[in-house]
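S.K.: Dropping a structure here in structure tokens format, bear with me for questions.
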Amino acid sequence: MSNKLRIAIVGCGGIANGKHMPSLSRQKDADIVEERAQEAAKTYGAEGAAVYTDYLELLKAGGFDIVHVCTPNDSHSVITIAALEAGKHVMCEKPMAKTTAQAQEMLDAAKRTGMKLSVAYQNRYRSDSEYLKAICENGELGEIYYAKAIALRRRAVPTWGVFLDEEKQGGGPLIDIGTHALDLTLWMMDNYKPRSVMGSSFHKLSNRKNAGNAFGPWDPEQFKVEDSAFGFITMENGATIVLESSWALNVSEYREAQTLLAGTEGGADMKDGLRLNGDRGGRLYETNVDLSAGGVAFYDGGQESESDREARLWLEAVREDKEPVVKPEQALVVTQILEAIYESSRTGRAVYFDGTSDN
């Protein structure tokens, strides 16, 4: 494979312009072509970058190696599968798909074609996340048997695009930001075998008019998704995860894309920075980790953002034929659990992954 990788962007909305294209443009070994965005092509595209209004025409034209899928959730699977079958590696925005069935079809297509597939869970690439992951892998927390996946906003409902459209997105804060917190937590635990899920989702504040909101008042008529959702997840080995997500909830603090871990040898959380705790010499201790200088967030003499690091490691995985940091099998389990929380909320019953029921 040529050292220079050409990348096509399908969907040039907020996430593409805010994350993917800026980060990819800073990689010395990547050229970008874009679908459906003349302005984006001028700003980020390689010289002569083509612009298409139909992703199938883009795939037919070819001339690139990688596709980044940055569209609403309901089209992730169909575009990803088409790109994989066209012989392109794919980075898909989170969540992997709207449903587990769609995510499974994506995974099957990646295996069938031999192309690489990853999902954009960029919070894994933060300096606190990578440091904590190393702590977990070293066994310093012991067996992690309890965790919280935290994605709580007091009032930060996204009022643009299709975020409030259940048909296109599949849900609200749970599938939008809860997915990041759950991915982070499962990754730290290295546990991808859920046994059962109980869930609740709420539409308690979404019908308020002229509500205080970071992005301006939402339109209650357009707010078709939940404003908050919560899950209680039990893994096959008995470990338990509590998932909290909200766009609008009467809580006094803002905590997003965070995890709390409790193990047999110690614990950790991300409140007010990365904190480790435990029992040493018969005394309890708590340590705040200083991540302000050096370490994994720095590259080539400068600080590297999580999105830049995500882009760099993804391109390395393609070029060097390595597994991506975020494996599609892992992202599928995240989607599986999110879907189960929604199902449990609808039915009022637990969802069991071994086919049993709570009757």
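S.K.: Looking at the stretch 309-332 only, could you name the residues that are outside any loop (DSSP other than H, G, I, E, B) and in contact with a helix residue (DSSP H, G or I) (Cβ under 6 Å, 6 or more places away or on another chain)?
M.R.: Arg309, Glu310, Ala311, Pro328, Leu332
S.K.: Counting only residues that are more than 15 Å from the chain's Cα centre (by Cα) and among the polar types (S, T, N, Q), how many does the stretch 101-123 have?
M.R.: Number satisfying all stated conditions: 3.
S.K.: What residue, among those in the stretch 305-342 that are small (Gly, Ala, Ser) and within 29 Å of Val225 (Cα to Cα), is nearest to the chain's Cα centre (by Cα)?
M.R.: Going through the stretch 305-342, the residues small (Gly, Ala, Ser) turn out to be 305, 307, 311, 317, 331, 340.
Next, only the ones that are within 29 Å of Val225 (Cα to Cα) stay: 307, 331, 340.
Working: Ser307: 12, Ala331: 8, Ala340: 17 Å.
Looking at residues that are small (Gly, Ala, Ser) and within 29 Å of Val225 (Cα to Cα), I get Ala331.
Matching residues to (1) surrounded by fewer than 24 Cβ atoms within 10 Å (Cβ to Cβ); (2) at pLDDT 95 or above:
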{"site": "Ala61", "(1), (2)": "yes, no"}
{"site": "Val67", "(1), (2)": "no, yes"}
{"site": "Ala103", "(1), (2)": "no, yes"}
{"site": "Gly114", "(1), (2)": "yes, yes"}
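S.K.: Starting from the stretch 102-119, keep only residues that are part of a loop (DSSP other than H, G, I, E, B), then list their pairs with residues that are surrounded by fewer than 17 Cβ atoms within 10 Å (Cβ to Cβ) whose Cβ atoms are within a distance under 8 Å, requiring at least 6 positions of separation or different chains.
M.R.: Once the first residue is part of a loop (DSSP other than H, G, I, E, B) and sits in the stretch 102-119, its partners that are surrounded by fewer than 17 Cβ atoms within 10 Å (Cβ to Cβ) give Met115/Gly87.
S.K.: Is there any pair with a first residue in the stretch 325-343 that is closer than 21 Å to Trp314 by Cα and hydrophobic (A, V, I, L, M, F, W, C) and a second that is open to solvent by 50 Å² or more (accessible area, probe 1.4 Å) and not in a loop (DSSP other than H, G, I, E, B) whose Cβ atoms are under 8 Å apart and which are 6 or more apart or on different chains, and what are they?
M.R.: Correct list of pairs: Leu332/Gln104.
S.K.: Evaluate the stretch 236-258: report whether one residue or more is at positive phi and surrounded by 18 or more Cβ atoms within 10 Å (Cβ to Cβ).
M.R.: Yes, the conditions are met somewhere in the stretch 236-258.
S.K.: Going by the conditions given, is Gly87 on the phi > 0 side of the Ramachandran plot and in contact with a Ser or Thr (Cβ under 8 Å, 6 or more places away or on another chain)? Break it down into steps so the answer makes sense when it comes.
M.R.: Values: on the phi > 0 side of the Ramachandran plot: yes; in contact with a Ser or Thr (Cβ under 8 Å, 6 or more places away or on another chain): yes.
So Gly87 fits the description; yes.
S.K.: If a residue has to be touching a residue at least 40 places away in the same chain (Cβ under 8 Å) and outside any strand (DSSP E or B) to count, how many in the stretch 76-89 make the cut?
M.R.: Initially, the stretch 76-89 is screened for residues touching a residue at least 40 places away in the same chain (Cβ under 8 Å), giving 79, 83, 88-89.
Subset that is outside any strand (DSSP E or B): 79, 83, 88.
Within the stretch 76-89, residues that are touching a residue at least 40 places away in the same chain (Cβ under 8 Å) and outside any strand (DSSP E or B) number 3.
Every residue, every condition in (1) under 17 Å from Pro328 (Cα atoms); (2) under 20 Å from the mean Cα position of the chain (by Cα); (3) modelled with pLDDT of 80 or more; (4) open to solvent by 60 Å² or more (accessible area, probe 1.4 Å), yes or no:
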| position | (1), (2), (3), (4) |
| --- | --- |
| Ile9 | no, yes, yes, no |
| Ala16 | no, yes, yes, no |
| Asp29 | no, no, yes, no |
| Gln38 | no, no, no, yes |
| Thr53 | no, no, no, yes |
| Asn73 | yes, yes, yes, no |
| Ser77 | yes, yes, yes, no |
| His89 | yes, yes, yes, no |
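S.K.: Residues in the stretch 216-229 that are open to solvent by 40 Å² or more (accessible area, probe 1.4 Å) and either of a type in the set (Asp, Glu) or in contact with a helix residue (DSSP H, G or I) (Cβ under 8 Å, 6 or more places away or on another chain) (or both): how many?
M.R.: Number of matching residues: 3.
S.K.: Please return the ranges of strands (runs of 3 or more DSSP E) entirely within the stretch 139-239 where 2 or more residues are more than 21 Å from Ser252 (Cα to Cα) and touching a Gly at 6+ places or on another chain (Cβ under 8 Å).
M.R.: Details: elements: 144-152, 194-202, 228-235.
Of the strands (runs of 3 or more DSSP E) lying wholly inside the stretch 139-239, those with at least 2 residues that are more than 21 Å from Ser252 (Cα to Cα) and touching a Gly at 6+ places or on another chain (Cβ under 8 Å) span 144-152, 194-202.
S.K.: Within the stretch 168-182, identify whether any single residue is buried (at least 24 other Cβ atoms within 10 Å of the Cβ), of a type in the set (Val, Ile, Thr) and closer than 16 Å to Val225 by Cβ, and answer yes or no.
M.R.: Yes.
The values are calculated or read from the model by the stated rules, or taken from the named source; none is laboratory data. A quick note: this is a predicted structure, and the numbers were derived from the prediction, not measured. So basically every Cβ, Gly included, is an ideal-geometry build from the backbone, and we count neighbours across all protein chains shown. Note: areas computed on protein heavy atoms with side chains; ligands, DNA, RNA excluded. Shrake-Rupley method; radii C 1.70, N 1.55, O 1.52, S 1.80 Å.
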